[in-house]
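What follows is a short report on a single structure.
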Amino acid sequence: RGWGSLSPSPETRLHLVIYKGVFAVGNLIRLIGRRLVALPIMVLGITFLVFFIMSFSPIDPAYNALGEGASQEALDKYREEYGLNQPLLVRYASFLWGLLHADLGTYTSQRLPVSDRIGQAFPTTISLTFYGLIIAVVFALIFGVLAALYRDRWVDQVIRVVSIIFVATPSFWLAVLLIQAFTISNDIFPAAGPLTAFSDDPNAYMMRMLMPSFALGVPVAGSLIRVVRTSMVEELDKDYVRTALGAGLPKFVVVARNVLRNALITPVTVLGLRIGYLMGGAVIIEVIFALPGMGQAILEGIQQNEPYLVQGVTLVVALAFVIINIVVDMLYILINPRIRTV
């Protein structure tokens, strides 16, 4: 019998394909499960760290809630009622129990819930972070791909200088320049005033959010441009690209279908780390542009000596950062098929 008899039958090939598919899906589920198991551990660590640091605050919540004219008896009664005289671990357990019920405490003498204040501010911060991320990704893809396709030419050199300028530009400084150029000098975009809901007036909403988003996204775009360019250059030098081009496939098709997808693996990983920078920068940018987000909320808590408000805002921002990074980590697993076989 000849060598042809050694080739697998159609049924065997089908079984191999099914086995490989099941194996890949199993590994994918296992890797995602690891991230999901690590999530509550990280959340617990963040809650303890924020609570432990805020426990050193010199502000007495009882004195701050009852005012300067409160008697010592009223202060002691308040501390007893809210468990402020309990040991640290007992107060932390009570804090976790309240957190599970969306209770982050109260602020001001009217005992307003901190969760309500965060619920009003958090959508603005998330929206600003998202818009800044979109600007950073669009700039990085356009300039990074162009720099790789025209590497070592004048286009690449110009983009390299532009990316360095972007990286070296602080968000808050760029925000001031934008206000000076487009609000004070030309009155094109508003830099203050109420934020109209998108559903009420989309044009007014985008005009209000454009400058903050640009100031937030440009510095991140500078670092991502270099990452995209490096990844693209590495992929363009591989054998499969030369083989595809030699076979007569159009360069645009090869770059769009294969090179760009494979080159995005590293930028997606870096992007997950940059999201934390974007959220932290959004808090500062909101204060500069007077946006009603988490930045204004934490500034309000600091100015009015409201430790529960500062603690709640800090905790929510930190938790959002961890959750977003877990999501980006899963996205990285889905984009890179080689990770699924590990």
Q. Could you list, in sequence order, the residues of region 105-134 that are hydroxyl-bearing (Ser, Thr, Tyr) and touching a strand residue (DSSP E or B) at 6+ places or on another chain (Cβ under 9 Å)?
A. THR106, TYR107
Q | Filter pass, VAL176 being in contact (Cβ under 8 Å) with a residue 40 or more places away in the chain, in contact with a Ser or Thr (Cβ under 9 Å, 6 or more places away or on another chain) and aliphatic (A, V, I, L, M) | A | no
(Q) Just to be sure before I move on: is ALA168 open to solvent by less than 40 Å² (accessible area, probe 1.4 Å) and either touching a residue at least 40 places away in the same chain (Cβ under 8 Å) or out of contact with any Pro (no Cβ under 6 Å at 6 or more places or on another chain) (or both) in the structure I sent? (A) no
**Q.** Among residues of region 238-264, those that are touching a residue at least 24 places away in the same chain (Cβ under 8 Å) and among the polar types (S, T, N, Q), counted
**A.** 1
Q.
Checking the conditions here, which among VAL268, VAL255 is over 20 Å from PRO170 (Cβ atoms), modelled with pLDDT under 80, aliphatic (A, V, I, L, M) and surrounded by 13 or more Cβ atoms within 10 Å (Cβ to Cβ)?
A. VAL268
Q) If you check ALA244 against the conditions, is it open to solvent by less than 60 Å² (accessible area, probe 1.4 Å), modelled with pLDDT under 90 and assigned to a helix (DSSP H, G or I)? A) yes
Q) So which of LEU249, LEU291, LEU278 ends up being open to solvent by 20 Å² or more (accessible area, probe 1.4 Å) and on the phi < 0 side of the Ramachandran plot? A) LEU249
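Conditions tested, residue by residue: (1) of a type outside the set (Ser, Thr, Tyr); (2) modelled with pLDDT of 80 or more; (3) more than 25 Å from the chain's Cα centre (by Cα).
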position: LEU75; (1), (2), (3): yes, no, yes
position: TYR82; (1), (2), (3): no, no, yes
position: GLN86; (1), (2), (3): yes, no, yes
position: TYR92; (1), (2), (3): no, yes, yes
position: ALA121; (1), (2), (3): yes, yes, no
position: ILE126; (1), (2), (3): yes, yes, no
position: LEU133; (1), (2), (3): yes, yes, no
position: VAL138; (1), (2), (3): yes, yes, no
position: GLY144; (1), (2), (3): yes, yes, no
Q | From PHE182, PHE198, PHE214, residue being open to solvent by 50 Å² or more (accessible area, probe 1.4 Å), more than 23 Å from GLY280 (Cα to Cα) and part of a helix (DSSP H, G or I) | A | PHE182
Q | Sole exception among (1) among the hydroxyl-bearing types (Ser, Thr, Tyr); (2) modelled with pLDDT of 75 or more; (3) part of a loop (DSSP other than H, G, I, E, B) for THR47, by number | A | (3)
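The values are calculated or read from the model by the stated rules, or taken from the named source; none is laboratory data. Not measured: the values here are computed from a predicted model. Here Cβ is always computed from backbone atoms with ideal geometry, including for glycine, and neighbour counts include all displayed protein chains. Heads up: the accessible areas ignore ligands, DNA and RNA and are worked out on the full protein's heavy atoms, side chains in. Shrake-Rupley method; radii C 1.70, N 1.55, O 1.52, S 1.80 Å.
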